[in-house]
Amino acid sequence: MPNPYGPCHVTVWDEARYSTSGLDPSHSGATKAVFVLGTNFNAAASLPPATALVAAGYRALLLDVPGQPGLSSGGRGLSGGRVPWYGAWLSEVIERIPSEPVMVMGHSFGAAIALSSDSPRIERPVLVSPGGLTRLRLTLTVLAASAAWFLRPAPTHSARLLRAMLAPGHSPREELVDWMRLVAQHSRSRPAPTGAHRPHGPVRTTARDRERRTDIAATN
């Protein structure tokens, strides 16, 4: 999809099938859910939640974020790729989607992007493990796992990093472990940009993992 802020690759997931051939303006029916992916993720690494959106009655549109491993533009844009720049990028993407108001689901850094978009067509922003709500705080556990993953790409190090980000009792998917190994081996990941703003108003917490203090939140 052309975009003045950088080309955007959109994967359309509908009725348990996906298509990368473009958006059909004549398509109607299910409400469109725009899924903005997090740091180091792309559409191929995010199909389970996309399938869940389809099962809930949505037509999922997965956006590869510029500057992240994926098929969109490789650059991080102007002004160092700060989050408001990404918010403008997302607003432009939404304007090109032939639809009524859309639901936008943002994961991690994608949640910060969703918060920074001022598009009036966003009917319901949903934030999953959101970034952009508070200042990032890295623990020693996460820093050690990140360093090992980055310096010596291997499945064991990828799994260790992913486990540090999951709630207790959960294990990372095997294909995601391999994906993160490829990211470390073939790209140079950097911390997600900062500087989010929140045009959508107050954030309401809908679920919380008390031990990890990780919110799953939605905005009204």
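The values are calculated or read from the model by the stated rules, or taken from the named source; none is laboratory data. Computed from a predicted model, the values in this text were never measured in an experiment. We place every Cβ from the backbone using ideal geometry, glycine too, and count neighbours over all the protein chains shown. Please note that ligands, DNA and RNA were not included when accessible areas were found on the heavy atoms of the full protein model with its side chains. Shrake-Rupley method; radii C 1.70, N 1.55, O 1.52, S 1.80 Å.
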(message) I'd like the full set of residues that are surrounded by fewer than 21 Cβ atoms within 10 Å (Cβ to Cβ) and under 13 Å from the mean Cα position of the chain (by Cα), limited to segment 114-127.
(response) V126
(request) Could you tell me whether T139 is farther than 30 Å from D14 by Cβ and of a type in the set (S, T, N, Q)? (result) yes
(message) Being at positive phi and either open to solvent by less than 20 Å² (accessible area, probe 1.4 Å) or of a type in the set (G, A, S) (or both): is that true of G106 here?
(response) no
(message) For segment 93-101, check the following and say yes or no: at least one residue is closer than 19 Å to D64 by Cβ, modelled with pLDDT of 90 or more and within 18 Å of the chain's Cα centre (by Cα).
(response) yes
